[in-house]
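Chemist: What follows is a structure written as structure tokens; I'll ask about it next.
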Amino acid sequence: MFDIFHNKHIGSGVTTPLLFLEKIRKMQKHHLQDMLEPVIESLGYETIRIMTIGQANPTLQIMIDVKDYTKEINVEDCAKVSRALSAVLDENDPIKDKYSLEVSSPGLDRPLTKPEHFVRFKDYVIKVETINEVEKRKRIKGINLGLDNQNNVHVDMDGKAYVIAFDNISKAKIVITDELWEKYLAEHETIEL
């Protein structure tokens, strides 16, 4: 995973601990998403997640991917997006006090934040956390069977099928398995240090 960091003094909004926990609880739109996502998309990238981490000297973390999935994100992509976002953030001044901007690739254990991610990563092992219980569970880890036409995610955990409404998901990500790691290594050249 590649990260690009910038430290800035920029203006607006303090998040209280309760508000912060509520935002984490449900996969919802970040308050800066409407400002930042068009910039990211205009450069040919997809916004995977925008998140603010921490209270004192917070980090604005932005994960990106290539819109058409034709290549992997590299450090140059992250730097390009970081420079463009820094200009917009400096101009609009939406964050009070000092913060860090981090632009990164989603990595192998990428978050699944949009319904189409569950279609794209069908047959991968995923971990899902829900807002409300699904058959007496709030955490489900199993094979992603995909998304139905009502935006329900289907997961097979140990031979039992779970149906999870996308709007009930607070957090979801791909789990790195031996098979996924071996596939990754086979697709990437080994570099000796």
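The values are calculated or read from the model by the stated rules, or taken from the named source; none is laboratory data. This one's a predicted model, so the numbers in the text were calculated from it and none came from an experiment. Cβ: placed from backbone, ideal geometry, glycine included. Neighbour counts: every protein chain shown. Ligands, DNA and RNA are excluded from the accessible area calculation, which covers all protein heavy atoms including side chains. Shrake-Rupley method; radii C 1.70, N 1.55, O 1.52, S 1.80 Å.
Chemist: Take the alpha carbon gyration tensor of the range 73-127, find the square roots of its eigenvalues, order them as a ≥ b ≥ c, and report rounded if a/c is under 1.5; if not, report prolate when a/b exceeds b/c, else oblate.
Modeler: In terms of gyration-tensor shape, prolate.
Chemist: Can you compute the modelled spin-label distance between VAL119 and TYR184, with each label point 7 Å from Cα toward Cβ, in nm?
Modeler: So the two model labels end up 2.6 nm from each other.
Chemist: In terms of the Cα gyration tensor, with a ≥ b ≥ c the square roots of its eigenvalues, is the range 96-145 rounded because a/c is under 1.5, prolate because a/b exceeds b/c, or oblate?
Modeler: The shape class here is oblate.
Chemist: For the range 64-193, what is the relative contact order in percent, using Cα pairs closer than 8 Å and at least 6 residues apart in sequence?
Modeler: 21 percent
Chemist: Additional query: Please work out the Cα center distance from the range 126-193 to the range 62-107, rounded to the nearest Å.
Modeler: Comparing the Cα centres of the range 126-193 and the range 62-107, I get a distance of 26 Å.
Chemist: Mind checking the full-extension length gain between ARG139 and MET35? Use 0.36 nm per residue of separation minus the Cα-Cα distance, one decimal, nm.
Modeler: 34.2 nm
Chemist: I need the shape label for the range 51-146. Rule: rounded when a/c is under 1.5, else prolate if a/b > b/c, else oblate, with a, b, c from the alpha carbon gyration tensor.
Modeler: Judged from the Cα gyration tensor, the range 51-146 comes out oblate (a/c at least 1.5, b/c at or above a/b).
Chemist: Let me ask another. Multiplying the sequence separation of ALA87 and ASN132 by 0.36 nm and subtracting their Cα-Cα distance, what value in nm do you get?
Modeler: Length gained between ALA87 and ASN132: 12.2 nm.
Chemist: Going down the table (LYS138/LYS183; LYS141/LYS171; LYS127/LYS160), which pairs top 20 Å between alpha carbons?
Modeler: Cα-Cα > 20 Å for LYS138/LYS183; rest within.
Chemist: Cα convex hull of the range 34-193: mean projected area in nm², to one decimal?
Modeler: 12.1 nm²
Chemist: Follow-up question, since we're still on this one. Pulled fully out, how much extra length does the chain show between GLU76 and LYS160, if you take 0.36 nm times their separation in residues and subtract their Cα-Cα distance?
Modeler: 25.9 nm
Chemist: Moving on. Return the distance in nm (one decimal) between the two label points of a simple spin-label model at LYS98 and THR177, each offset 7 Å from Cα along Cα→Cβ.
Modeler: 4.5 nm
Chemist: For the range 65-136, report the accessible area per residue in Å² (1.4 Å probe, heavy atoms, rounded to an integer).
Modeler: Value for the range 65-136: 49 Å² per residue.
Chemist: Give me the 1.4 Å probe accessible area per residue for the range 140-193, excluding ligands and nucleic acids, in Å².
Modeler: Per-residue value: 68 Å².
Chemist: Provide the solvent-accessible area of LEU180, counting protein heavy atoms only and rolling a 1.4 Å probe, rounded to the nearest 10 Å².
Modeler: 20 Å²
Chemist: Taking Cα pairs under 8 Å and at least six residues apart, what relative contact order does the range 135-193 come out at, in percent?
Modeler: 19 percent
Chemist: So how exposed is ASP93, as accessible area in Å² (1.4 Å probe, rounded to 10)?
Modeler: 70 Å²
Chemist: ILE48's amide H: which non-local residues (gap 5+, or another chain) put their own amide H closer than 5 Å, with H modeled 1.01 Å from N in plane and none for Pro or chain starts?
Modeler: Those lying under 5 Å, H to H, from ILE48 are MET63, ILE64, ASP65.
Chemist: Sequence neighbours fewer than 8 away in the same chain don't count; with that in mind, list the aspartates and glutamates whose C-alpha is under 19 Å from LYS96.
Modeler: Of all the aspartates and glutamates, those that pass the test against LYS96 - Cα under 19 Å, at least 8 places apart if same chain - are ASP34.
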